[in-house]
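Report on one structure; see the data block that follows.
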Amino acid sequence: MKAARFLASLLLAMAIPAMAAAQTLQVTGDAVMQSLTGSAGDPARGRAIITDRQKGFCLLCHSGPFNEEPLQGNLAPSLEGAGSRWNEGQLRLRLMDNKRVNAESIMPAYHRIEGLNRVGATWRDRPILTAAEIEDVLAFLMGLKAEKAP
Amino acid sequence: MKRIALALFACCSIASADERRSGLLDMRPEAQAMQRDDSMNPGMLWVLDGEALWGRKPTPAAQSCADCHGDAAASMRGVAARYPAFDQASGSAIDLAGRIIQCREAHQAGPPLARESKELLALSSFVAHQSRGLPIAPPEDTGMRAVRALGQRIYNTRMGQLDLSCAQCHDDHAGRRLAGSSIPQAHPTGYPIYRLEWQGVGSLQRRLRGCMVGVRAEPFAYGSSEFIAIEAYLMERARGMALETPAIRP
């Protein structure tokens with residue numbers, strides 16, 4: 001288990017193609033229970049990744065509690081309350097590869113490199129977000145709790 | 001609301017049940033006004049440059065476009081509305097810019113015109129402007145049918161690191177907001193366009209490169225058979241819609 005995780009991060013770090021990285025995805029039901037780094041992410045960094053147009057670019061499609069960002073998309077539900085709708089493992093899988101849950105989804109797989117077509121040279125053979133960045137985003141999303149009904 | 005706007009624009013061709021709309025209508029009113037008034041439309045500067053080039057010999061020995069084609073208002077009327085077209089000589093599809101490049105090479109023996117060069121954009125703008133207001137009318141020949149089918153396949157194929165197809169944005173989510181941009185239906189009615197973001201004029205293929213780079217895909221090369229195929233498919237999709245060259249876009 002531990003060896004597999006070590007191998008996974010090594011492979012990703014070296015940007016080795018695909019099949020190898022895919023085999024290491026440990027899906028249980030609709031969730032990935034294990035942290036990809038072995039530790040918890042940093043929510044402040046996660047928030048910055050979400051609003052960064054080169055990193056997470058989540059606000060292309062989503063809206064959410066980011067008042068400093070006037071240009072938010074409406075192709076996807078608001079991220080508000082995501083941490084109440086899903087548990088951590090479910091959110092991890094949705095971030096890594098939402099098409100495992102919904103094959104038709106337009107949401108990019110943030111941590112998968114195989115099965116893509118004509119990826120630009122700059123972006124080839126590396127995931128959109130690294131394992132550590134996935135954990136950071138996840139840590140922030142888990143803090144987005146829905147307000148309790150009165 | 002959408003319907004009303006469409007009806008106002010529909011003067012030129014579109015049946016009332018037609019949901020298609022030009023990207024013109026997705027712009028702020030000021031940008032629309034800029035396109036509609038030739039004295040404010042910066043794309044007209046390229047058209048005027050093109051008009052001057054039309055009458056000029058590229059080398060003293062060569063003939064000008066006008067020497068062979070005469071008055072463009074007559075000889076080039078409707079031409080842009082039916083490109084890309086099948087080129088019998090090469091047995092493949094050719095776009096309007098490619099045809100102009102070919103004329104320079106074969107009939108003027110002048111210095112070659114590079115894709116996206118100021119000169120080629122000016123000539124393309126001038127030629128396409130002669131079809132402003134005319135309905136897009138792609139040719140029916142069988143050669144073009146295969147080309148359009150390829151274009152449609154590419155249009156529907158997910159690509160790039162973001163793994164999105166053209167259709168997922170422009171068919172499934174047209175009218176929605178991608179961050180700050182309203183997603184248009186991707187009708188090629190206005191090309192070459194003056195794009196505010198470029199602060200200059202560019203071709204449809206430059207616009208398509210932008211969309212491909214946006215999803216982190218490796219763009220096709222200028223003048224490639226893939227780009228000409230997409231262009232041919234987009235023109236078929238916009239059949240009957242009016243040409244606007246030179247259009248303004250955000």
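See the values below:
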| item | result |
| --- | --- |
| Yes/no for residue A:134 being of a type outside the set (Ser, Thr, Tyr) and within 9 Å of chain B (Cβ to nearest Cβ) | no |
| Residue that is of a type in the set (Lys, Arg), open to solvent by 30 Å² or more (accessible area, probe 1.4 Å) and in the same structural domain as residue B:203 (by TED's automatic domain parsing), where the choices are B:77, B:82, B:115, B:145 | B:145 |
| Segment A:32-76, subset of a type in the set (Ser, Thr, Tyr) and open to solvent by less than 30 Å² (accessible area, probe 1.4 Å), residue nearest to the chain's Cα centre (by Cα) | A:35 |
| Unmet requirement for residue B:182, which otherwise passes all of (1) within 14 Å of chain A (Cβ to nearest Cβ); (2) in contact with a helix residue (DSSP H, G or I) (Cβ under 7 Å, 6 or more places away or on another chain); (3) open to solvent by less than 40 Å² (accessible area, probe 1.4 Å) | (3) |
| Subset tally (residues that are more than 21 Å from residue B:136 (Cβ to Cβ), open to solvent by less than 50 Å² (accessible area, probe 1.4 Å) and outside any helix (DSSP H, G or I)) for segment B:34-54 | 1 |
| Selection status of residue B:230, within 14 Å of chain A (Cβ to nearest Cβ) and either crowded, with 20+ Cβ neighbours inside 10 Å or at pLDDT 95 or above (or both) | yes |
| Selected residue [free of Cβ contacts under 8 Å to residues at least 60 places away in the same chain and out of contact with any strand residue (DSSP E or B) (no Cβ under 8 Å at 6 or more places or on another chain)] from B:99, B:104, B:148 | B:104 |
| Single unsatisfied condition, residue A:98 versus (1) more than 9 Å from chain B (Cβ to nearest Cβ); (2) in a loop (DSSP other than H, G, I, E, B) | (2) |
| Where a residue in segment A:114-127 is basic (Lys, Arg) and its partner, wherever it lies, is open to solvent by 60 Å² or more (accessible area, probe 1.4 Å) and modelled with pLDDT of 95 or more, with Cβ under 8 Å and at least six apart | A:118/B:218 |
| Residue that is in contact with a Ser or Thr (Cβ under 8 Å, 6 or more places away or on another chain) and either at the interface with chain B (Cβ under 10 Å from one of its Cβ atoms) or over 24 Å from residue B:177 (Cα atoms) (or both), where the choices are A:105, A:35, A:39, A:63 | A:63 |
| Which listed residue, of A:103, A:109, A:121, is under 22 Å from residue B:168 (Cα atoms) and surrounded by fewer than 16 Cβ atoms within 10 Å (Cβ to Cβ) | A:103 |
| Filter result (surrounded by fewer than 23 Cβ atoms within 10 Å (Cβ to Cβ), closer than 16 Å to residue A:97 by Cα and of a type in the set (A, V, I, L, M, F, W, C)) within segment A:129-142 | A:129, A:131, A:132 |
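The values are calculated or read from the model by the stated rules, or taken from the named source; none is laboratory data. Remember, predicted model here, so these are calculated numbers, not experimental data. Heads up, the Cβs are rebuilt from the backbone with ideal geometry, glycines too, and the neighbour counts pull from every protein chain shown. Heavy atoms of the whole protein, side chains included, go into the accessibility calculation; ligands, DNA and RNA do not. Shrake-Rupley method; radii C 1.70, N 1.55, O 1.52, S 1.80 Å.
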